[in-house]
Amino acid sequence: MIRGRLSVIRLQELRCPVNWLLSEEEAEDEVNQGAILRTDYNGSGDFFMTGPGVSMKEREITLITGGARSGKSSFALKESETMGGRKIFVATAVSCDEEMRARIQRHRMERGKEWETIEEPFEIAGVIRHRDFEDVVIVVDCVTVWLSNMLLSLVGEAGAEAPENDDYITGKINERLDDLIEALKSMRHARVFMVSNEVGMGIVPESKLGRLFRDVAGIANQRLAGIAGNVYLMVSGLPLKIK
C-alpha cells in the first residue's frame, strides 16, 4: 500500500514508476483496493487517486480567494493558528516605498512572534520545497502579488505593447506556475494556505497590461483550486466554502 504518500499523479505517468510512488504495482494495488481516478475540472490534465487506502494529500492545500479587504488574510491566519506546529508566513509583496514598508511592519506585529516571516517575491515554490517538514503550516500571501511581480519584471524584458510579447510573458508565468503546482503536489508533510484575489469580477481593465494581469490571475486561481482540497471565497469577512 502507499498509505501516507502523495497520491496525485499525471495520466502519462500511470504506467511507469514516479518519485512519490514506490512502484507501478503499488499504484495498481491501490486501484484494486477501491481507489478511483478522476480528472480535475479545469482541464489541466491532472488526475487524482481517491477512495479507500489513499492518503488525500490534496486536502493539505487550502486556497482562499476573494476581493480586496474581504478578510482573506485574516481568515488564513485564523485557520492556520488552530493547527499546532511551526508557523511560516511567506510574504510576496516588495518593500518598494515608505508606505509599503510601514504596512509590512504593521502586519508583522499583528501576526505576532510565533510567526516566521519570509519575504519572497518570486521563488515561493522553493520556499515550500525547503520547508516541507512535519508540523509546519505555511501561509502564502498572496498569489496575485506574486503574479504581479513576475508580470512587471517580464514586461520590462519584453515590452508591454507588442502583441507578440503576450505569449512570451504568459509562457514564462505559466512555467513558474507549473513549478509552484508541482511543489504543492509533491509535499509530504507541510500544510499550506494560499491567499489569492478575484480580479475579474469587475469591469474590463482599460489598459493592455491590466487585461493581461486579469487573465493570468484567473488562470492561476483555476489551477490552484484544481489541486486544493479546500477552497474558500471570502465575502465581507465571511468565508463561503466552495470546495
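Which ones in region 163-188 are farther than 14 Å from D132 by Cβ, hydrophobic (A, V, I, L, M, F, W, C) and in a loop (DSSP other than H, G, I, E, B)? Even if it seems obvious, please write down each step before you answer.
Restricting attention to region 163-188, the residues satisfying the condition of being farther than 14 Å from D132 by Cβ are 163-179, 181.
Narrowing the set further to residues that are hydrophobic (A, V, I, L, M, F, W, C) leaves 169, 173, 177, 181.
Result: no residue meets the conditions.
Name every residue in region 69-90 that is of a type in the set (K, R) and touching a residue at least 24 places away in the same chain (Cβ under 8 Å), in order of residue number.
So in region 69-90, the residues of a type in the set (K, R) come out as 69, 72, 78, 86-87.
If the condition is that a residue be of a type in the set (K, R) and touching a residue at least 24 places away in the same chain (Cβ under 8 Å), then K72, R86, K87 are the ones that fit.
Kindly indicate whether any position in region 72-91 is of a type in the set (F, W, Y), within 28 Å of F122 (Cβ to Cβ), in contact with a helix residue (DSSP H, G or I) (Cβ under 9 Å, 6 or more places away or on another chain) and at pLDDT 95 or above. Give the steps one after another, and end with the answer.
We begin by selecting, within region 72-91, every residue of a type in the set (F, W, Y); these are 75, 89.
From the residues that got through so far, the ones that are within 28 Å of F122 (Cβ to Cβ) too are 75, 89.
Those still in the list that are in contact with a helix residue (DSSP H, G or I) (Cβ under 9 Å, 6 or more places away or on another chain) too: 89.
Okay, now just the ones that are also at pLDDT 95 or above, so 89.
So far as region 72-91 goes, yes, one or more of its residues are of a type in the set (F, W, Y), within 28 Å of F122 (Cβ to Cβ), in contact with a helix residue (DSSP H, G or I) (Cβ under 9 Å, 6 or more places away or on another chain) and at pLDDT 95 or above.
Of the residues that sit in region 201-225 and are more than 17 Å from E175 (Cα to Cα) and either in contact (Cβ under 8 Å) with a residue 40 or more places away in the chain or within 18 Å of the chain's Cα centre (by Cα) (or both), which one is surrounded by the most Cβ atoms within 10 Å (Cβ to Cβ)?
So the residue we want is A225.
Is it the case that region 140-161 has a residue that's crowded, with 17+ Cβ neighbours inside 10 Å, in a loop (DSSP other than H, G, I, E, B) and out of contact with any helix residue (DSSP H, G or I) (no Cβ under 7 Å at 6 or more places or on another chain)?
Scanning region 140-161 turns up at least one residue that is crowded, with 17+ Cβ neighbours inside 10 Å, in a loop (DSSP other than H, G, I, E, B) and out of contact with any helix residue (DSSP H, G or I) (no Cβ under 7 Å at 6 or more places or on another chain).
Check whether at least one residue in region 171-180 is at pLDDT below 95 and of a type outside the set (F, W, Y), and report yes or no. Full working, then the answer.
The first filter runs over region 171-180 and keeps only residues at pLDDT below 95, leaving 171-172.
If we keep only those that are of a type outside the set (F, W, Y) too, we end up with 171-172.
Yes, because at least one residue in region 171-180 is at pLDDT below 95 and of a type outside the set (F, W, Y).
Let me confirm something: among S148, S153, which residue is in the same structural domain as G210 (by TED's automatic domain parsing), out of contact with any Cys (no Cβ under 9 Å at 6 or more places or on another chain) and within 21 Å of E182 (Cα to Cα)?
Values: S153 fails: within 21 Å of E182 (Cα to Cα).
Selected residue: S148, the only one of S148, S153 that is in the same structural domain as G210 (by TED's automatic domain parsing), out of contact with any Cys (no Cβ under 9 Å at 6 or more places or on another chain) and within 21 Å of E182 (Cα to Cα).
Cβ-Cβ below 9 Å, separation at least six or inter-chain, first residue in region 91-102 and without any contact (Cβ under 8 Å) to a residue 24 or more places away in the chain, second in a loop (DSSP other than H, G, I, E, B) and among the small types (G, A, S): which pairs?
M100/A93; R101/S95
The values are calculated or read from the model by the stated rules, or taken from the named source; none is laboratory data. Since the model is a prediction, treat every value here as computed from it, not as a measurement. Quick reminder, even Gly has a Cβ in these numbers, built from the backbone with ideal geometry, and neighbours come from all protein chains shown.
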